[in-house]
1. How big is the C-alpha Rg of region 3-130 next to the rule-of-thumb value 2.2 N^0.38 Å, as a ratio?
2. Which FRET efficiency, nearest 0.05, do residue 148 and residue 57 yield, Cβ-Cβ r, R0 41 Å?
3. Starting from 0.36 nm per residue, how many nanometres of slack lie between residue 216 and residue 190 once their C-alpha separation is accounted for?
4. Please list log₁₀ I(q)/I(0) at q = 0.14, 0.22 Å⁻¹ for region 27-102, using the Debye equation with identical point scatterers on the alpha-carbon positions.
5. Kindly state, as a whole number, the per residue volume in cubic angstrom of the convex hull around the alpha carbon atoms of region 137-193.
6. Quick one: if you stick a label point 7 Å off each Cα along the C-beta vector at residue 170 and residue 135, how many nm between them?
7. Relative contact order of region 3-130: what whole-number percent is it, with Cα pairs under 8 angstrom and at least 6 residues apart?
8. Which order do the peptides 25-31, 123-129 take when ranked by the mean count of other beta-carbon atoms within 10 Å per residue, highest first?
């Protein structure tokens, strides 16, 4: 089912420039998402509504390279005033000042409304709606995203390191900031750990976070004899199902400065 254009006056359309109210089905699952029924979006001066779930073009997803970022684009076709809009996957997104949104290219009418990382032809992760405003980095306009992953079971007294899978197209070039929340067995203490806190706090706290490129993971490691190497952090799955979370701020398409 294709989305349909909503008839509106020129005055209303002017005030809706850049508007999007898009949601995805299965946002937290690895299954391929659809655009949810009820979503609405403005595209290059026209306003569209999705009365039912919209399935993106399957061949456009297959054409995206595995282990790369894909942008979910909505594309209008037909005669102005009675256009329909369908969804497809694109490999790039460019900010347009004149259209006030992310588009497949500066001249394109394909508006990019969401982004996902392709794991396979049947799996995608890190799905997010495109941000309303771009961020300037190294002279480039880039979207910035936030990701949170559960650390899961971790007996820190017995095991030095725990990894959490996190994938981006350009590896560490895309990562802007990483931190982790670590909680004790009774969940009475939650500590925020930065990228490298061996040196900042010394061995009494003793925890570091590093990015590993092959495979792409965030590794959280505790120091021997440090605060986390104790019985306050030795719970197993039966008592502590999740030791905490890894939080990542990242972008896609950044050119690393030289």
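Here, each number is a calculation from the coordinates, and none is a lab measurement. Since the model is a prediction, treat every value here as computed from it, not as a measurement. Cβ placement follows ideal geometry from the backbone for every residue including glycine, while neighbour counts extend to all protein chains displayed.
1. 1.01
2. Values: r = 30 Å, r/R0 = 0.73.
Efficiency, rounded to the nearest 0.05: 0.85.
3. Between residue 216 and residue 190, full extension yields 6.8 nm more.
4. Taking Cα atoms of region 27-102 as identical point scatterers yields -0.51, -1.18.
5. Working: hull volume 6.5 nm³, N = 57.
Per-residue hull volume (Cα only) is 114 Å³.
6. So the two model labels end up 1.3 nm from each other.
7. In percent, rounded to a whole number, it is 25.
8. Per-residue Cβ counts within 10 Å, averaged per peptide and sorted highest first, yield 123-129, 25-31.
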